[in-house]
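Below is one structure, written out as structure tokens, with a few remarks after it.
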Amino acid sequence: MDPWQEARERMLLRHVAGRGLDDARLLAAMRAVPRERFVPVRFQSSAYEDAPLPIAHGQTISQPYIVALMLDAARIGEGDAVLDIGAGSGYAAAVAHEMGARVHAIERIPELAQAARERLRELGYGDIELRTGDGTAGWPEAAPFDAIVAAAGGPAVPRTLLKQLRIGGRLVIPVGDARDRQRLLRVTRLGEDDYREEELGEVRFVPLIGREGWDDAQGGGDASSTDAAAGPPIDDDAVVALIRRAAEMLPEVDSQAFADLFERFALARVVLLGECSHGTSEFYRARDAITRHLVREHGYRIVAIEADWPDAAALDRRVRGRPAPPDAAPPFQRFPQWMWRNREMERFVDWLAAHNAALPQVQRTGLYGLDLYSLHRSIRAVVDYLESVDPDAAALARSRYGCLSPWAHDPAGYGLAVASEGLARCEEPVLQMLQLLLEKQSEYSARDGDDFLDARHNARLIGNAESYYRAMYRGGAEAWNVRDRHMFQTLESLLEAHGEHARAVVWAHNSHIGDARHTDMGRVRGELNLGQLCRQKWGEHAVLIGFGTHAGTVAAADDWDEPMRIMQVRPSLPDSVEHLFHRAGVCDCMVELHAAASNGLHAALAAPRPERFIGVIYRPHSERQSHYASAALSRQFDAYLWYGSTRAVDALPPHGHEAGMPDTYPFGE
Ligand code: SAH
């Protein structure tokens, strides 16, 4: 048996099919090609990881997902004539051959071409014609082609290649101003001189060197040396000037003038307020002030935060003056506690409680959690609830949820167990419980509507968490997507429960609320998010507001479950979108970014640039790789709040660490 087969299957499942490239011919072709034979022996053990690997002469074999993405985008059909430019190891050519194509391939570096030719012959791919040369000139004798794929990126689409496409033919090629950073394009030839161009996302290929590519002056081999060559795009000065002109300075956060700035968004159905870190004081305080205004003046009755449902439910009981269950455990006990256990949040919760106290119950604003990391507590909540309304159903719940209980404290282990047994073992019983709650809705909710809604949300959460942990084990975009769909579903059902004029404010990270279709998340990784789903549902009645900073301090951890530390945030990188705001010297300010704002910023900031994302973990030493992703700011958000310098949140001591203080948050005075 082929010892590599299992690794190959896993690669296909996790990095190809699992990320949405599930064309059967493509998968069969990749299954047939022994990728381990295309990499140097010392890298063989990594042949099925989703990473580019060095071959020789400073070149790389492309990562499997990218090869799949390109061949898929080129829509290679049985019997198609295909030109592979930048053959490198010959791997992509072999996969195209397995897909039934007649392949011609060109490689610029003679030694690589020679090695690839021998390898292909040994592996039975002798039909592939491979020659040394400049691929930007194409292969006129073999033209026209149904598809041309280029595994190296130039500054523009080579005209010569377009002319060698058959009508209907596709050219898939990375193109970019920098030698090592490109957008993947598909150009389809519709007629003699008629082409359609589509963007497929941000990519990083080695430079395409040739007559219609980059010149060879910089060697062009080593991708890592090209960072410096990337440089700022030429029109940065103009962008900076536009930012300066469009910026509206932020008044004192507690002032009426600050609140008034956000009056313009007050008609929206949902206002989503982001943050570019989970530990920055200014972001909480601004969200607090904006939310107060929307609640007080515009009847927003839902504040939905990126916290677990049961934790937020404890805050909700406090702000709406509903009693806490007798043996309720204190909320926010799991990592990262500082995200919601901080003075800034406490201040908002206190204000909301006081505001609500003067109102009848139906006019009170509630606080709700959008996240799904509370499998264990949610199970307990449903069982406890049923215990009080329907003890028989509680017994049933105990036995059905019992399926998940071995993993209550290690839900990630559930994914592994399911994968090794090959079945979705708890899916069925978990969904049956949700079904039961829905069926008994009128009976149960007659006692206490809020308690019923809480139990129903928990039951739905358990269902989504079950698929989340299964998907997490498989890797790829699916787990993230299950999570953000859960957030959206929760928001939708809250709005529904509050009647047709209900409005909501959402507090979540920029990565959840900035439209994923305009970031690497959506364009490269196949991830969707809450902001995108809101836009798709409510159009301009969903307002997406991002937050950013240049430097300062942040509360974060070195790793998951590590203690919180106050860390220095590095100054933003010179090629980042943050740096443009820094250069504009407009702190602190708000800019509107949507096209209708017609301040020029929509177009100026519509091209993807590196943007910083700090979550609960911050790793300054590998900042570019760990925290920057490419995003088109003005398409991602409708408005952006910019702070030149920010400081860490004022975290409350973790549970059990108070110096003689009772641990009462959120119920303390
Ligand atoms: N698909 C290949 C990718 C190799 S990397 C694989 O999976 O192995 C891209 C290759 O493009 C490099 O080997 C580089 O030498 C080659 N290249 C760069 N410019 C070229 C050009 N103008 N013509 C042909 N090959 C080129």
Condition (residue is under 22 Å from residue 145 (Cβ atoms), open to solvent by 70 Å² or more (accessible area, probe 1.4 Å) and at pLDDT 85 or above) applied to the range 171-181: is it met by at least one residue?
no
In contact with a helix residue (DSSP H, G or I) (Cβ under 9 Å, 6 or more places away or on another chain), within 11 Å of the ligand (Cβ to nearest atom) and not β-branched (Val, Ile, Thr): is that true of residue 140 in this structure?
no
Go through (1) touching a helix residue (DSSP H, G or I) at 6+ places or on another chain (Cβ under 7 Å); (2) at pLDDT below 90; (3) more than 25 Å from residue 77 (Cβ to Cβ) one by one and return the number of the condition residue 17 breaks.
(3)
Just to be sure I understand, how many residues within the range 520-550 are under 30 Å from residue 571 (Cα atoms), of a type outside the set (Asp, Glu) and out of contact with any helix residue (DSSP H, G or I) (no Cβ under 8 Å at 6 or more places or on another chain)?
1
Failed condition for residue 1, given (1) open to solvent by 10 Å² or more (accessible area, probe 1.4 Å); (2) under 25 Å from residue 201 (Cβ atoms); (3) away from the ligand (no atom under 13 Å from the Cβ), with all others met?
(2)
Could you check the range 40-53 and list, in sequence order, the residues that are surrounded by 15 or more Cβ atoms within 10 Å (Cβ to Cβ), touching a residue at least 12 places away in the same chain (Cβ under 8 Å), touching a strand residue (DSSP E or B) at 6+ places or on another chain (Cβ under 8 Å) and not small (Gly, Ala, Ser)?
52, 53
Which count do you get for residues in the range 99-110 that are more than 11 Å from residue 127 (Cβ to Cβ), within 14 Å of the ligand (Cβ to nearest atom) and open to solvent by 10 Å² or more (accessible area, probe 1.4 Å)?
4
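This table checks each residue for (1) closer than 20 Å to residue 287 by Cα; (2) charged (D, E, K, R); (3) touching a residue at least 24 places away in the same chain (Cβ under 8 Å).
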{"site": "470", "(1), (2), (3)": "no, yes, yes"}
{"site": "485", "(1), (2), (3)": "no, yes, yes"}
{"site": "489", "(1), (2), (3)": "no, no, yes"}
{"site": "493", "(1), (2), (3)": "no, no, yes"}
{"site": "507", "(1), (2), (3)": "yes, no, yes"}
Any chance the range 554-574 includes a residue that's closer than 27 Å to residue 185 by Cβ, of a type outside the set (S, T, N, Q), touching a residue at least 60 places away in the same chain (Cβ under 8 Å) and open to solvent by less than 10 Å² (accessible area, probe 1.4 Å)?
no
Being closer than 17 Å to residue 574 by Cβ and modelled with pLDDT of 95 or more narrows it down to one of 639, 631, 607, 648, so name that one.
631
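Table: residues versus (1) at pLDDT 95 or above; (2) within 26 Å of residue 337 (Cα to Cα); (3) not in a helix (DSSP H, G or I).
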site	(1), (2), (3)
568	yes, yes, yes
599	no, no, yes
657	no, yes, yes
660	no, yes, yes
Apart from one, (1) modelled with pLDDT of 95 or more; (2) outside any strand (DSSP E or B); (3) touching a Lys or Arg at 6+ places or on another chain (Cβ under 9 Å) all hold for residue 160; the odd one out is (1)
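Do we find that residue 149 is β-branched (Val, Ile, Thr), assigned to a loop (DSSP other than H, G, I, E, B) and within 14 Å of the ligand (Cβ to nearest atom) in this structure?
So residue 149 fails the test.
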Answer with yes or no whether residue 331 is in contact with a His (Cβ under 7 Å, 6 or more places away or on another chain) and in contact (Cβ under 8 Å) with a residue 60 or more places away in the chain.
no
Selected residue [closer than 19 Å to residue 151 by Cβ, among the charged types (D, E, K, R), open to solvent by 20 Å² or more (accessible area, probe 1.4 Å) and out of contact with any strand residue (DSSP E or B) (no Cβ under 9 Å at 6 or more places or on another chain)] from 10, 25, 31, 37
37
Provide a single number: the residues in the range 462-480 that are over 19 Å from residue 378 (Cα atoms) and buried (at least 22 other Cβ atoms within 10 Å of the Cβ).
1
Qualifying positions in the range 51-86 - within 8 Å of the ligand (Cβ to nearest atom) and more than 33 Å from the chain's Cα centre (by Cα)
57
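Pick from the range 392-407 the residues that are surrounded by fewer than 16 Cβ atoms within 10 Å (Cβ to Cβ) and not hydroxyl-bearing (Ser, Thr, Tyr): which of them is nearest to the chain's Cα centre (by Cα)?
406
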Residue match in the range 250-264 (condition: open to solvent by 40 Å² or more (accessible area, probe 1.4 Å), in a helix (DSSP H, G or I) and among the small types (Gly, Ala, Ser)):
yes
Number of the exception - residue 89 against (1) more than 16 Å from the ligand (Cβ to nearest atom); (2) surrounded by 15 or more Cβ atoms within 10 Å (Cβ to Cβ); (3) of a type in the set (S, T, N, Q):
(1)
Exactly one condition in (1) within 14 Å of the ligand (Cβ to nearest atom); (2) in contact (Cβ under 8 Å) with a residue 40 or more places away in the chain; (3) open to solvent by less than 10 Å² (accessible area, probe 1.4 Å) is not met by residue 113; state its number.
(2)
Whether any residue in the range 129-151 is within 37 Å of the chain's Cα centre (by Cα), free of Cβ contacts under 8 Å to residues at least 40 places away in the same chain and within 22 Å of residue 185 (Cα to Cα) is what I want to check.
no
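The values are calculated or read from the model by the stated rules, or taken from the named source; none is laboratory data. Quick caveat: nothing in here was measured; it's all calculated off a predicted structure. As a convention, Cβ positions derive from the backbone with ideal geometry for all residues, glycine included, and neighbour counts pool all protein chains shown. We work out accessible area using only protein heavy atoms, side chains counted, and drop any ligands, DNA or RNA first. Shrake-Rupley method; radii C 1.70, N 1.55, O 1.52, S 1.80 Å.
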